[in-house]
Ligand code: NAP
Ligand code: MN
C-alpha cells in the first residue's frame, strides 16, 4: 500500500501527520509521492482540492481519503481521533472505491487554434472584474439565452455545496451524474432576460459560453484563479475522468449536508 500525504499548515494537521508517520512505521504502508495508491489529505476541503489538482494526471489509479482537522468537510470523512481506525483500514484495504463526476473545461481563445483544458472537482466560474459580463449561453450547441450580469458558475454534484450553494444553486447528491449552471447577479429587466434559476444538465449534454471581447475576465477552476483576456468560448461537459474515493465506510450524504449547514455539529452526530 503506497500512500501520499497532503496536509495544510494548521498545527492540528501537522500533529496528525507526525502521529501518522509513527503509526505506519512497521506496517505495509509506505510513502510514495510519485505513484501512490491512496492520496491522504489532512486539513479541509480546500486541502483535498489542492491534492486533486496535484494528482489530476493520475486519477485512473489513485483513490483519495480526506481527514478533517477543522470543521466537517464534504470531501473529508475522517476525524483526527480516528487515526488508529484509519491506519487499520489502509492496512486492510480491499481496493473498494466510490467515484464522482468531474467538470471538463475547454477554453478557446480569439487567437486561432489557441485553447486550454482544465478539470474541476468543485466548479468553474467565469466573471468579469469591472463591468457587466455579456455572454451567450448555448446548451447542446443551441442558443439558450443571452446573459448580462456578474458571472456564471458551473458546478459538479460534489461542488454543489460550495460556491454553487452560495449562488442559490441546489445541492445535488453526488451519485447524480450532472452539471449545474448558476447565475451570479444576472440583470433582468424589460431589455435583458435570462432564465433566472439554476439549471441541471444531463450527462451527454454540454454548455458553451461565448464571451464579448474584453480584457478583464476571471476564470476560476476550484481554488485556482486565472485572469484572462481574449477568451472567445468556454465549453463545459462532464469529464470522462472521475475522482475515486477509498470507501472504507459509508457516509450518509444528506446527514453530512445537515451537519454542515443546519445543525450544530456539537449537538448532532458528525458522520
Ligand atoms: P476557501 O475560501 O477556504 O473556501 C471557502 C469555503 O468553502 C471553505 O469553508 C471550504 O471548506 C468550503 N468548501 C470547499 N469546497 C466545498 C464543497 N465542495 N462543499 C462545501 N464547502 C466547500 O477556499 P478553498 O478551501 O481553496 O476552496 C475553494 C472552494 O471554495 C471553491 O471551489 C468554492 O466552491 C468555495 N468558495 C465558496 C465561496 C462562496 O461560497 N461564496 C467563495 C469562495 C470559494 P474548508 O474550510 O474545509 O476548506
Ligand atoms: Mn479552505
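Every number here is computed from the coordinates shown, using simple stated rules; none is lab data. Since this is a predicted model, take the numbers as computed values, not measurements. Quick reminder, even Gly has a Cβ in these numbers, built from the backbone with ideal geometry, and neighbours come from all protein chains shown.
Want the number for residue 21 to residue 223: 0.36 nm per residue separation, take away the alpha-carbon distance, what's left?
69.9 nm
For residue 50 and residue 80 in the same chain, what is the full-extension length gain: residue separation times 0.36 nm, less their Cα-Cα distance, in nm?
Value of the extension gain: 8.8 nm.
Hey, what angle do you get for helix 45-54 against the long axis of the chain, alpha-carbon based, 0 to 90 degrees rounded to 10?
Once rounded, one gets 80 degrees.
Under a crude label model (7 Å from the Cα following the beta-carbon direction), how far is residue 216 from residue 60 in nanometres?
A separation of 4.4 nm, rounded to one decimal place.
Taking the Cα atoms only, what angle lies between the long axis of helix 11-24 and the longest principal axis of the chain, rounded to 10 degrees?
Computed tilt is about 50 degrees.
Grab the beta carbon distance between residue 203 and residue 143, set R0 = 22 Å, and tell me the FRET efficiency rounded to 0.05.
Efficiency, from the Cβ-Cβ distance: 0.50.
Counting C-alpha atoms alone, how compact is the stretch 102-240: give Rg to one decimal and Dmax as a whole number, in angstrom.
13.8, 40
Per 0.36 nm of contour for each residue apart, how much would the distance between residue 189 and residue 251 grow if the chain were fully extended, relative to their Cα-Cα spacing?
Taking residue 189 through residue 251 to full extension adds about 17.9 nm, to one decimal.
Using a Förster distance of 41 angstrom, determine the FRET efficiency expected from the C-beta separation of residue 136 and residue 34, and round it to 0.05.
0.40
For the chain, what is the Kirkwood hydrodynamic radius in Å, using each pair of distinct C-alpha atoms?
When all Cα pairs of the chain are included, the Kirkwood radius is 19.9 Å.
Can you pull the one-decimal nm distance between simple spin-label points at residue 10 and residue 91, each 7 Å off the Cα toward Cβ?
Result: 2.7 nm between the two label points.
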